[in-house]
Amino acid sequence: MDTDENERPDLRRGGEPKFICKAETEKIIGFSFEILNEIGHGLHEKLYENCLTVLFKLNEIGFDQQRHFPVVFRGVQVGEFIPDLITFGLIIVDTKVIDRITDYERGQMLNYLRITKLRVGLILNFKKPRLEYERIAL
(Lines give C-alpha, C1' and ligand atoms only; values in the text may rest on other atoms or scores of the structure.)
Protein backbone atom coordinates (compact mmCIF):
# COMPACT_ATOMS: atom_id res chain seq x y z
CA MET A 1 0.00 0.00 0.00
CA ASP A 2 1.64 3.24 -1.09
CA THR A 3 0.22 6.28 0.59
CA ASP A 4 1.54 9.64 -0.42
CA GLU A 5 -1.32 11.36 1.39
CA ASN A 6 1.08 12.78 3.99
CA GLU A 7 3.11 14.35 1.23
CA ARG A 8 2.65 17.66 -0.49
CA PRO A 9 4.06 17.37 -4.01
CA ASP A 10 6.32 19.97 -5.51
CA LEU A 11 4.74 21.40 -8.63
CA ARG A 12 6.41 21.38 -12.01
CA ARG A 13 5.53 23.87 -14.68
CA GLY A 14 1.89 23.36 -15.63
CA GLY A 15 0.84 22.20 -12.15
CA GLU A 16 1.93 18.57 -12.61
CA PRO A 17 3.00 17.02 -9.27
CA LYS A 18 6.62 15.98 -8.78
CA PHE A 19 7.20 13.78 -5.74
CA ILE A 20 10.50 14.08 -3.93
CA CYS A 21 12.85 11.09 -4.41
CA LYS A 22 10.25 9.13 -6.38
CA ALA A 23 12.73 7.08 -8.41
CA GLU A 24 14.81 6.30 -5.33
CA THR A 25 11.84 5.15 -3.24
CA GLU A 26 10.57 3.03 -6.13
CA LYS A 27 14.00 1.36 -6.28
CA ILE A 28 13.91 0.57 -2.53
CA ILE A 29 10.35 -0.78 -2.79
CA GLY A 30 11.44 -2.98 -5.71
CA PHE A 31 14.31 -4.33 -3.61
CA SER A 32 11.83 -5.03 -0.80
CA PHE A 33 9.67 -7.12 -3.12
CA GLU A 34 12.76 -9.08 -4.17
CA ILE A 35 13.65 -9.75 -0.54
CA LEU A 36 10.11 -10.81 0.38
CA ASN A 37 9.95 -13.15 -2.62
CA GLU A 38 13.33 -14.68 -1.80
CA ILE A 39 13.41 -15.11 1.99
CA GLY A 40 9.74 -14.82 2.88
CA HIS A 41 7.74 -12.83 5.37
CA GLY A 42 7.45 -12.55 9.16
CA LEU A 43 11.13 -12.85 10.09
CA HIS A 44 12.98 -10.43 12.37
CA GLU A 45 13.16 -6.78 11.22
CA LYS A 46 16.97 -6.74 11.33
CA LEU A 47 17.13 -9.50 8.68
CA TYR A 48 15.19 -7.36 6.22
CA GLU A 49 17.35 -4.34 7.04
CA ASN A 50 20.49 -6.38 6.39
CA CYS A 51 19.06 -7.78 3.13
CA LEU A 52 18.48 -4.23 1.94
CA THR A 53 22.12 -3.36 2.69
CA VAL A 54 23.22 -6.34 0.56
CA LEU A 55 21.16 -5.05 -2.37
CA PHE A 56 22.39 -1.48 -1.85
CA LYS A 57 26.01 -2.72 -1.98
CA LEU A 58 25.38 -4.90 -5.04
CA ASN A 59 23.78 -1.95 -6.82
CA GLU A 60 26.41 0.55 -5.63
CA ILE A 61 23.85 2.66 -3.77
CA GLY A 62 25.21 4.69 -0.88
CA PHE A 63 23.70 4.10 2.56
CA ASP A 64 24.27 4.57 6.28
CA GLN A 65 23.20 1.86 8.70
CA GLN A 66 22.52 2.80 12.33
CA ARG A 67 23.83 6.38 11.97
CA HIS A 68 23.51 8.41 15.19
CA PHE A 69 21.63 11.74 15.31
CA PRO A 70 21.52 13.90 18.45
CA VAL A 71 18.14 14.81 19.92
CA VAL A 72 18.36 18.33 21.32
CA PHE A 73 15.92 20.01 23.70
CA ARG A 74 16.42 23.71 24.44
CA GLY A 75 20.00 23.55 23.32
CA VAL A 76 20.89 20.46 25.36
CA GLN A 77 21.44 17.03 23.86
CA VAL A 78 19.01 14.73 25.69
CA GLY A 79 19.56 11.58 23.69
CA GLU A 80 20.02 10.27 20.22
CA PHE A 81 18.03 8.76 17.41
CA ILE A 82 19.44 5.88 15.36
CA PRO A 83 17.49 5.15 12.17
CA ASP A 84 17.74 1.69 10.60
CA LEU A 85 18.94 2.95 7.23
CA ILE A 86 19.50 6.16 5.33
CA THR A 87 19.96 5.61 1.64
CA PHE A 88 20.86 7.84 -1.28
CA GLY A 89 21.77 10.33 1.49
CA LEU A 90 18.11 11.36 1.34
CA ILE A 91 15.69 8.69 2.57
CA ILE A 92 15.13 7.12 5.97
CA VAL A 93 14.18 3.46 5.56
CA ASP A 94 12.44 1.82 8.52
CA THR A 95 11.90 -1.94 8.31
CA LYS A 96 9.00 -3.36 10.31
CA VAL A 97 7.39 -6.72 11.05
CA ILE A 98 4.06 -5.57 12.52
CA ASP A 99 0.38 -6.33 11.93
CA ARG A 100 -0.10 -3.13 9.95
CA ILE A 101 1.33 0.36 9.56
CA THR A 102 -0.61 2.74 11.81
CA ASP A 103 -0.61 6.41 12.74
CA TYR A 104 1.96 5.54 15.41
CA GLU A 105 4.55 4.50 12.78
CA ARG A 106 3.61 7.46 10.58
CA GLY A 107 4.06 9.89 13.47
CA GLN A 108 7.32 8.23 14.45
CA MET A 109 8.62 8.65 10.90
CA LEU A 110 7.64 12.33 10.86
CA ASN A 111 9.65 12.81 14.06
CA TYR A 112 12.59 10.95 12.51
CA LEU A 113 12.47 13.26 9.50
CA ARG A 114 12.43 16.33 11.72
CA ILE A 115 15.39 15.09 13.80
CA THR A 116 17.52 14.14 10.77
CA LYS A 117 16.46 17.15 8.65
CA LEU A 118 15.66 14.73 5.80
CA ARG A 119 12.44 15.05 3.81
CA VAL A 120 11.45 11.50 2.83
CA GLY A 121 10.89 8.33 4.82
CA LEU A 122 9.85 4.86 3.77
CA ILE A 123 8.16 2.41 6.13
CA LEU A 124 8.42 -1.18 4.90
CA ASN A 125 6.36 -3.88 6.61
CA PHE A 126 7.46 -7.47 5.95
CA LYS A 127 4.94 -9.18 8.29
CA LYS A 128 2.67 -10.66 5.61
CA PRO A 129 3.20 -12.35 2.24
CA ARG A 130 2.28 -9.06 0.57
CA LEU A 131 4.61 -6.13 1.26
CA GLU A 132 2.97 -3.14 2.95
CA TYR A 133 4.76 0.16 2.53
CA GLU A 134 4.18 3.86 3.02
CA ARG A 135 6.14 6.83 1.78
CA ILE A 136 6.12 9.78 4.16
CA ALA A 137 7.45 13.23 3.30
CA LEU A 138 7.76 16.57 5.04
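The values are calculated or read from the model by the stated rules, or taken from the named source; none is laboratory data. Note that the structure is predicted; figures quoted are calculated from it, not measured. All Cβ positions, glycine included, derive from the backbone under ideal geometry; neighbour counts span all protein chains shown.
Val72 meets all of the listed conditions (1) at pLDDT below 95; (2) of a type in the set (A, V, I, L, M, F, W, C); (3) in contact with a Cys (Cβ under 9 Å, 6 or more places away or on another chain) but one, namely (3). If I filter the range 102-113 for residues that are touching a Ser or Thr at 6+ places or on another chain (Cβ under 7 Å) and not aliphatic (A, V, I, L, M), do I get at least one hit? No, every residue in the range 102-113 fails to be touching a Ser or Thr at 6+ places or on another chain (Cβ under 7 Å) and not aliphatic (A, V, I, L, M).
Residue-wise test of (1) at positive phi; (2) modelled with pLDDT of 95 or more; (3) surrounded by 17 or more Cβ atoms within 10 Å (Cβ to Cβ); (4) of a type outside the set (A, V, I, L, M).
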{"site": "Arg12", "(1), (2), (3), (4)": "no, no, no, yes"}
{"site": "Pro17", "(1), (2), (3), (4)": "no, no, no, yes"}
{"site": "Glu24", "(1), (2), (3), (4)": "no, yes, yes, yes"}
{"site": "Ile39", "(1), (2), (3), (4)": "no, yes, no, no"}
{"site": "Gly42", "(1), (2), (3), (4)": "yes, yes, no, yes"}
{"site": "Leu47", "(1), (2), (3), (4)": "no, yes, no, no"}
{"site": "Cys51", "(1), (2), (3), (4)": "no, yes, yes, yes"}
{"site": "Leu58", "(1), (2), (3), (4)": "no, yes, no, no"}
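All told, Arg119 meets the bar of being surrounded by fewer than 16 Cβ atoms within 10 Å (Cβ to Cβ) and under 12 Å from the mean Cα position of the chain (by Cα).
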